[in-house]
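Structure first, commentary second.
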Amino acid sequence: MIRHPLRVFVGSLSHETNSFSPLPTSLRAFEADLLHRAGDPATLAQAMAFPAYGDAIEAGRARGHEIIAGLCAWTQPSGPLPGPVYERLRDELLADLSAAGAVDLVILVLHGAMMSDDHDDCEGDILARARALVGPGIPIGAVLDLHGNLTAQMIDSATVVIGCKEYPHTDYRARVDELYDLLERTARGEIAPRSVFRRGPVVGPIGTTEDPMRTFVQSLTQREGSDGILSVSMMHGFPWSDSADTGTASLVVHDGSRADLAVAAAEDVLGRFVEISAAMSAGRTRGIDQVLDEAEQLHPSTGPVVIADGADNPGGGAACDSTFVLRALIERGIGDAALGMIWDPQAALIAADAGVGARLPLRIGGKVGPMSGAPIDAEVEVLAVRHDARQKGLTGTLSEPLGLAVAVRVGGIEVVLNSIRQQVFSPECFTALGIDLSRKRLVVVKSTQHFKAAFAPVAGAVLYCNAPGSLNMDLSALPYTKLVLPVRSAETRGRADPGIKRG
């Protein structure tokens, strides 16, 4: 008999692991970004603002359910977690689940591309251990970033797995509501979900805001609710996580009434995605000179040309202190430009100590490793200093502190330096420091795609630059050691279908 109200456990352990990142992932990194332990009021507001975790808690409370909130841990993408760090956080999450006692549902907010020194599939490991704790009859659901690499262990261990559909990831609340509905219906005996997934090749990041990907995403939702299909996800994968499971995957959750249609849908979705992504990624591999040549020829009347330096995007594990694009701007003598944010706490502190209006020699960026380039030594003017600036994050609220942030002028370029490593999500990275983007010809942002939602309304044009860096789009040049290519095997999985074998 299902309780009224339901008792629901919510927990999160999330990290996007870049196997090629020069930055280690430490417990201190989680503590600096987000490490909320159950019942800690000091970090509760930060956890509630974390996409999907806070959404799940709010969704459950709105339904009148009893919510047991466990660990919520996240840090910026970087290298694989040391084994002891991963195991400590995993075991804390599982201990919270165990301490919750009898529950009716388990909702876990994971990523899908977390790796440690000892586990290439941390999410699969977490879900398998959670399943062992609660037993076979309790619905377990996981919501993943679409940049996760789906595995059989994830699907075997969970009742329902759902990936977000949008990039930028603007649909976490919708996906949480979808997952919650399916889990609650399962708990009440209305459905017995099964899952089918098909694995595809490794591809680079593809945004979903423009056609043909915009229409493709809409088609995923249109498939849901008919022919026994409950949910459709298209996992884009994360190519910078080096594992045997790295790659794209279509995922169809169905009720078992027409398994043949679910299989056909998974195959069709994957085929269409691969075709579309091949066409859309063609323009993402142009180098700095090609992109700047085009940018200088453009003269949009509605706003600046925004150039995405995705190869140095900390949201994918890059250091965020590369100087390749800045150096090219300086060497070309380009003015009326802004660039940000360069993660350089030392340079930011020196400039802040000098004060607004000061002119001084400053060494900028190029500090972490070879993929950061050489540092730039320049005479700069300090334009602004802020300790309290924030930018809008994925939730659309001013939730992301920049730390110590300064704006300096290098020739005709206004550069933002800051002390908290994060990608550019929104114009506040610049405007909070007095930089008027409407007066700029060029704006360079260290981001791959998440900037698009907030910058599209102010940009006259958007260009993507494949500069050197830890997230270089030339995937064929990456030193993979575990990746299995071509990734063409088909997978069919579901706890409700224990006899199904791999296709």
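log₁₀ I(q)/I(0) of region 1-132 at q = 0.10, 0.13, 0.15 Å⁻¹, via Debye over equal Cα point scatterers, no solvent, to two decimals? Reported log10 I(q)/I(0), two decimals: -0.31, -0.52, -0.68.
Ordering 453-460, 38-45 by mean Cβ neighbour count within 10 Å, with the highest value first, yields 453-460, 38-45. Note on region 33-106: Rg/Rh from C-alpha atoms, Kirkwood Rh, equals 0.98. For the chain, the longest principal axis of the alpha carbon atoms and the long axis of helix 288-297 meet at an angle near 70°.
Given only helices, namely DSSP H runs of n ≥ 4 each adding -39500 (n - 2.57), what is the per-residue ellipticity at 222 nm of the chain, to the nearest 500 deg cm²/dmol?
Helices in the chain give a 222 nm mean residue ellipticity of -8500 deg cm²/dmol.
Reported to the nearest whole Å, the Cα centre-to-centre distance from region 409-472 to region 101-159 is 35. Computed packing ranks the peptides 383-389, 438-444 as 438-444, 383-389, most packed first, by mean other Cβ atoms within 10 Å.
Take every Cα pair under 8 Å whose residues are at least 6 apart in sequence, average their separation, divide by the length of the chain, and the relative contact order is 16 percent.
Under 5 Å between amide hydrogens, built in the peptide plane, is the criterion, and for Arg286 it picks out Asn466 among residues at least 5 positions away or on other chains. Sorting the segments 13-23, 168-178 by their mean number of nearby beta carbons within 10 angstrom, highest to lowest, gives 13-23, 168-178. Kindly express, to the nearest 10 degrees and within the range 0 to 90, the angle between helix 172-187's C-alpha long axis and the longest C-alpha principal axis of the chain. Approximately 10 degrees, to the nearest 10.
Within a Cβ distance under 10 Å of His169, other residues only, what is the Lys/Arg minus Asp/Glu net charge? Computed value for this residue: -1. Which one, Asn418, Ala295, Cys164, is farthest towards the positive end of the dipole of the chain when Lys and Arg carry +1 and Asp and Glu -1 on their Cβ? Result: Cys164, furthest along the dipole toward the positive end.
Quick check: convex hull of the Cα atoms in region 318-384, volume per residue, rounded to a whole Å³?
So the per-residue Cα hull volume is 86 Å³.
Relative contact order of region 350-488, taken over Cα pairs closer than 8 Å and 6 or more residues apart, is 16 percent.
Stokes-Einstein diffusion for region 286-472, with the hydrodynamic radius set to the Kirkwood value over Cα pairs and evaluated at 4 °C in a medium of 1.567 mPa s, equals 82 µm²/s. The angle separating the long axis of helix 122-134 from the principal Cα axis of greatest extent in the chain is about 30 degrees. For the chain, lysine pairs separated by 8 or more sequence positions, or belonging to different chains, with Cα-Cα distances below 25 Å total 9. Tell me which residues come under 5 Å, amide H to amide H, from Ile68 once H is placed; ignore anything under 5 positions away on its chain. Amide H neighbours of Ile68: Val8, Phe9, Val10.
Values quoted throughout were computed directly from the atomic coordinates according to the rules given, and no laboratory measurement underlies them. Remember, predicted model here, so these are calculated numbers, not experimental data. Methodologically, a virtual Cβ is constructed for each residue, glycine included, from the backbone with ideal geometry; neighbour enumeration extends over all protein chains shown.
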